[in-house]
Every structure is written in C-alpha cells, then in structure tokens.
Amino acid sequence: MMTRARFSALALLLGVCCLGHTSAFAQYAPPPAGYGGPGPGYAPGPGYCPPGATFETPEPISADPMYGDAYCAEASVNRFGPLVTTDGAFLRADYLNWNTKSEKYQLLGAPVANNENPAVPFTFLAPGTTTPIGFGSVPTNNGIDLSGQNGIRVTGGVSFINGGSIEASAFFLGRRQSGFTIPLGQPVQTTTLLFGIFPIPGPVVPNSMATSTLFNGQVSDHLFIYNQSFTETVLSQLWGGDITYFMDYDIAGPLQLRPLIGARYINFTERLTQVGVFADPFLGTPPFASTIQSLAINNLWGAQVGFRSSFVTKWVEIGVTPKLLLLGNTMVSTVRSNQFRSTFDPPSEQTDVTNKFTFGSDLEGYATLNLTPSFSLRAGYNFMWFNTVSRPTRNIVYDDRGPAVPVIGEKTFFQSVIIHGASFGAELRF
C-alpha cells in the first residue's frame, strides 16, 4: 500500500518531468522533428552547441560569448555548472638527450714567465735554481666531455574557445660528470740545449703536473708541483621551466603562424674539482692532497618572445619555434681550496654574487605523427644559447700573495654557453 510520503514523492517527480526542457535534462538532446539532424560532413563550427544546450530553433540566439552563439535554446537563467572556456587540452612527456658545450683550451693555472704555452710539457726547476725537479705541464680542461646528458620534460597545455592557448613546461637533466686521473711519478729523461741549439741528455726526473700562479698579481714562474697523481672532475646539471601564451594569428590553413610570449626560468650549475697529490722526495714526508674547487650557479629568469610556424595535416605536423630570451642572471660563484701549498695551508672559501642582464635564444624544431585523434608520437631538437653565464673554470684567480693570504682567489668572469640535443616523446589530447 502506497504511503502518503511515497505518493507525495511520486507526484513531485512527475511535476519536475513536466516542466519542460532545462539544461539539467537536455544534454545531447536530438533536434525536433522537422529540422532533421546534421548532414554529411558536419563539423562543429561557429554554430556549435556545447553539451547542456538544445537545438530548438534554427536561428542563433545571442548568448554569453563564453558559451558561443550557437543554435541553442538555453538562456543564462537556466544554465547549470561553470562557464565553459576551453575546448581541448594535451599532456606530453619527452625523453631528452642534450649536450652542454665544454670549454676547451682553458689553462687551469696562471700564465708562466718565459713560457708561451705551459700546457706543453716542459722542465720544472727548483725555486731560485736551475736544478730540474720534474717534467710535465700545467693541466687544461681539454679532456672534459659534457655530452649525453639524459633527462625528461613534461609539457601540458590548454586551448580556449575564444582563441589562444597556454602551454607550461618543466624539464630536468640528470647530473653529468666528466673527468680524468693522470698517474704521475714515472721517471722521464730530460734534455737540455747546448749553446741553445744542440740537445743533450739531462737528468732523469719524475713525470709531474703543476698549478702555476701569479705572484702579487704579476706573471711569475711559481709552480706548485704534483708528482703522485692529478685528478680533474667537472659536474654539470641543468633544469628549468617556462609558461607560454600562443596567439591565434593565422591558423586557418595547413600553414599556421602563432606569435608567443611567456616567462622562463633556467638553473645551470657546474662544479670543477682539482686534486693534486705531492710527496716531497727530499724530506720523505707522506703524500698530501691539494684541492681546488670552483662552483658556479646561474639562475636565469625573465621573458621570452617568438612564434611557432607549422605545417599541419590530419596525420603529420612539422614545425619550428624560435624564441628570443631576455633574462636576468643571478650568478653565485664559490671557490674553495685546501692544503694548496702544504699541509699547513688551512681551508679557504670565497663567494661572490653577481646580477647581470643577459639574452639568448631557444630554437626548437619538431615533427609529430598523429596515430589517433587523441594520441601522437613526437621527435624534436633544441638549440639554446646564452651569451652571459658563469662557468667554474674561469672563476679561479691563481695568485700567490704570500703565506698569510690564500693562493686561490675568486672572481666571476662571464662567457657564453651552447646547450643542444634531441627529444623523443608521446602526447595525449583530451
């Protein structure tokens, strides 16, 4: 037996069903008889009705622009839910294999008096004498290779009904370490020039390397020798992100052009470590390690402008996105040393913070293969250049100013850097 409460609920339900069409119950409703459905080749266009509207009149209704001026009977007074402002989104993940161009032919020391190229092996003399005590060179960074840095980039974007789209991207490259260790101490036969012309055998000395220094800021022949081993290591890492707004300047045909404007942040960090081991052959003391370390942190932040030019078909999209970067660079450089001259030299550390305007470029080329309407494969290549960055190799000031002052000083020097490499990924569209 139906109770009064159930009878009242049934009557209320029937009353609601008889109120007519509302946006809550009219989703995906077919057009009324007499107008028919969409004909062959129909595609949503300027007269497209979003879900939640009905096809009750062949004449467009001036509706809120956020919903479009479609053949829609829905009015503002009976809408449900938030305004619809977007008509699509995507999410893409890329594997990165990038390369940082290493500095070449950079001497890890100061110029040497009466020696045009101390990177070429020569005979080391005892201070203030003509007695050979070693044969070798001042090291350089020529053996450093920062190619093949692996990483990942994630990009998401959304397009708007009224035009334009926004993309946000973040990337991270794993740390890339490169370096070498040179064993020293093997006997080497030296030669001297008789009358400056005829080579004659000289004394046998150990194979060595040395860090050359200035003396009170002046070029000198001061050499701090390593006769056991020398190790050089460079560690590099890059990460960052950006957000970009693309304008729909010309997207009607297969050849499309979209101006862009956005903001970007990049962190570029490198660390150079030198460790030389020396054992005094005259005093017979245990070997000790001299350490020099230089750290350079670049915080690049600012604006980017450019455009994206592409050729778009149903199955393939090929394009290029050049960007001009207008950036500030907050550079933090730190130089440390320990036991440089002897075991009595204490650890020292000097840090400098410098702010400088810089500019650069980012050129990306890509090709996309659309396997389905919602899934694509993508390959690309990036070429980035920054004209003013801090790198650890050149931030060291090799200057011997006496036993009470650290030999290794610090000063930020500026130079350019190139970063480039390939990417491979997949994209989902919603």
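The values are calculated or read from the model by the stated rules, or taken from the named source; none is laboratory data. The structure presented is a predicted model; accordingly, all values stated were derived computationally and were not measured. Quick reminder, even Gly has a Cβ in these numbers, built from the backbone with ideal geometry, and neighbours come from all protein chains shown.
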Give region 83-107 a look and list any residue that's farther than 18 Å from residue 238 by Cβ and either basic (Lys, Arg) or in contact with a helix residue (DSSP H, G or I) (Cβ under 6 Å, 6 or more places away or on another chain) (or both), or say none. 92, 104, 106
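Being in a strand (DSSP E or B) and under 30 Å from residue 95 (Cβ atoms) is the requirement here; does residue 244 meet it? Write out each step before concluding.
Values: in a strand (DSSP E or B): yes; under 30 Å from residue 95 (Cβ atoms): yes.
Spelling it out, residue 244 is indeed in a strand (DSSP E or B) and under 30 Å from residue 95 (Cβ atoms).
Looking at residue 257, is it closer than 27 Å to residue 354 by Cα and in the same structural domain as residue 382 (by TED's automatic domain parsing)? Quick ask: steps written out before the conclusion?
On the way: closer than 27 Å to residue 354 by Cα: no; in the same structural domain as residue 382 (by TED's automatic domain parsing): yes.
Criteria not met by residue 257.
When you look at residue 119, is it assigned to a loop (DSSP other than H, G, I, E, B) and surrounded by 14 or more Cβ atoms within 10 Å (Cβ to Cβ), yes or no? If you could, list the steps in order and put the result at the bottom.
Details: assigned to a loop (DSSP other than H, G, I, E, B): yes; surrounded by 14 or more Cβ atoms within 10 Å (Cβ to Cβ): yes.
Answer is yes for this residue.
Name the single residue, out of those in region 275-311 being of a type in the set (Val, Ile, Thr) and surrounded by 16 or more Cβ atoms within 10 Å (Cβ to Cβ), that is farthest from the chain's Cα centre (by Cα).
Of the residues in region 275-311, the ones of a type in the set (Val, Ile, Thr) are 275, 277, 285, 291-292, 297, 305.
Filter again for surrounded by 16 or more Cβ atoms within 10 Å (Cβ to Cβ), leaving 275, 277, 291-292, 297.
Values: 275: 29, 277: 35, 291: 29, 292: 27, 297: 13 Å.
This residue is 277.
Kindly indicate whether residue 129 is outside the structural domain of residue 245 (by TED's automatic domain parsing) and either among the β-branched types (Val, Ile, Thr) or touching a residue at least 24 places away in the same chain (Cβ under 8 Å) (or both).
Details: outside the structural domain of residue 245 (by TED's automatic domain parsing): yes; either among the β-branched types (Val, Ile, Thr) or touching a residue at least 24 places away in the same chain (Cβ under 8 Å) (or both): yes.
Yes; evaluated as a whole, the condition is true for this residue.
Quick one: count up the residues across region 138-159 that are under 30 Å from residue 282 (Cβ atoms) and surrounded by fewer than 19 Cβ atoms within 10 Å (Cβ to Cβ). Quick ask: steps written out before the conclusion?
As a first pass, look at region 138-159 and keep what is under 30 Å from residue 282 (Cβ atoms): 138-140.
Those still in the list that are surrounded by fewer than 19 Cβ atoms within 10 Å (Cβ to Cβ) too: 140.
Qualifying residue count for the region: 1.
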One residue from 361, 342 being assigned by TED's automatic domain parsing to the domain that holds residue 101, over 22 Å from residue 152 (Cβ atoms) and at pLDDT below 95: 342
Failed condition for residue 402, given (1) modelled with pLDDT of 95 or more; (2) surrounded by fewer than 20 Cβ atoms within 10 Å (Cβ to Cβ); (3) on the phi > 0 side of the Ramachandran plot; (4) not basic (Lys, Arg), with all others met? (1)
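Checking the conditions here, which among 354, 330 is assigned by TED's automatic domain parsing to the domain that holds residue 97, within 30 Å of residue 400 (Cα to Cα) and under 19 Å from the mean Cα position of the chain (by Cα)?
On the way: 354 fails: under 19 Å from the mean Cα position of the chain (by Cα).
Going through 354, 330 in turn, just one is assigned by TED's automatic domain parsing to the domain that holds residue 97, within 30 Å of residue 400 (Cα to Cα) and under 19 Å from the mean Cα position of the chain (by Cα): 330.
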Which one is farthest from residue 242 (Cα to Cα) among residues in region 384-429 that are touching a Phe, Trp or Tyr at 6+ places or on another chain (Cβ under 7 Å) and outside any strand (DSSP E or B)? 407
